[in-house]
1. What distance in nm lies between label points placed 7 Å from Cα along the C-beta direction at SER29 and ASP54?
2. Cα centroid distance between the stretch 26-53 and the stretch 68-140, in Å?
3. Output the Cα-based Rg and Dmax of the stretch 1-73 in Å, rounding Rg to one decimal and Dmax to a whole number.
4. Which whole-number percent is the relative contact order of the chain (Cα, under 8 Å, 6+ apart)?
5. Return the equivalent ellipsoid semi-axes of the chain as a descending list in whole Å, where each equals the square root of 5 times an eigenvalue of the C-alpha gyration tensor.
6. In whole Hz, what ³J(HN,Hα) sequence does the stretch 115-121 give by Karplus (6.51, -1.76, 1.60; θ = phi - 60°), x for Gly and Pro?
7. Subtract the Cα-Cα distance of VAL136 and GLU115 from 0.36 nm times their separation in residues, and report this length gain in nm to one decimal.
8. For ARG5 and ARG39, compute 0.36 nm times the residue count separating them, minus their Cα-Cα distance, and round to one decimal in nm.
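The values are calculated or read from the model by the stated rules, or taken from the named source; none is laboratory data. Computed from a predicted model, the values in this text were never measured in an experiment. Here the Cβ is made from the backbone with ideal geometry for all residues, glycine too, and neighbour counts use every protein chain on show. Ligands, DNA and RNA are excluded from the accessible area calculation, which covers all protein heavy atoms including side chains. Shrake-Rupley method; radii C 1.70, N 1.55, O 1.52, S 1.80 Å.
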Amino acid sequence: MSDLRTRAASAADLDAVLAFWRTAAEGTSISDDREGVERLVARDPEALILVERDGVLAGTVIAGFDGWRCHLYRLAVHPDLRRQGIAGALLGAAEERFLRLGGRRGDAMVLDRNEAAHPAWRAAGYAPEPQWSRWVKPLA
């Protein structure tokens, strides 16, 4: 899609990203605040990937790499722009980043209840692994 622009987020984008997630993301995360996203961008300036259409934010993904594993979070596409290749463009950019960094496999955080997103993940070649569970412990 030639009308899409893919780029890394900057500090100037963070308020717009947080507002976008309230509209386009499924639920909120414990780190969906300015401080959390600032910390992400400061630590890894290329991790938060944006897609814009005509200068307007259309989608996001966080492509985190810890030197060993490639993790995908916060894949979100504006509800009015879904099924137009934006998620694929975001995942393609994330995967290119991972390959540049030496990554070998991407894994994604996908809510089980977010059934509307499952076809997009499957179309991009991702599949759930039933032998794994996510274990969490809030630190604050």
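1. Those two pseudo-labels are separated by 3.0 nm.
2. Between the Cα centres of the stretch 26-53 and the stretch 68-140 lies a distance of 15 Å.
3. Rg then Dmax for the stretch 1-73, in Å: 12.1, 35.
4. Values: 185 pairs, mean separation 29.0, N = 140.
Computed value for the chain: 21 percent relative contact order.
5. Values: eigenvalues 84, 69, 55 Å².
So the equivalent ellipsoid measures 20, 19, 17 Å along its semi-axes.
6. For the stretch 115-121, the Karplus-derived couplings read 4, 5, 8, 4, x, 5, 5 Hz, x marking Gly and Pro.
7. Values: separation 21, 0.36 × 21 = 7.56 nm, distance 2.19 nm.
So the extension gain works out to 5.4 nm.
8. Details: separation 34, 0.36 × 34 = 12.24 nm, distance 2.41 nm.
Roughly 9.8 nm would be gained on extension.
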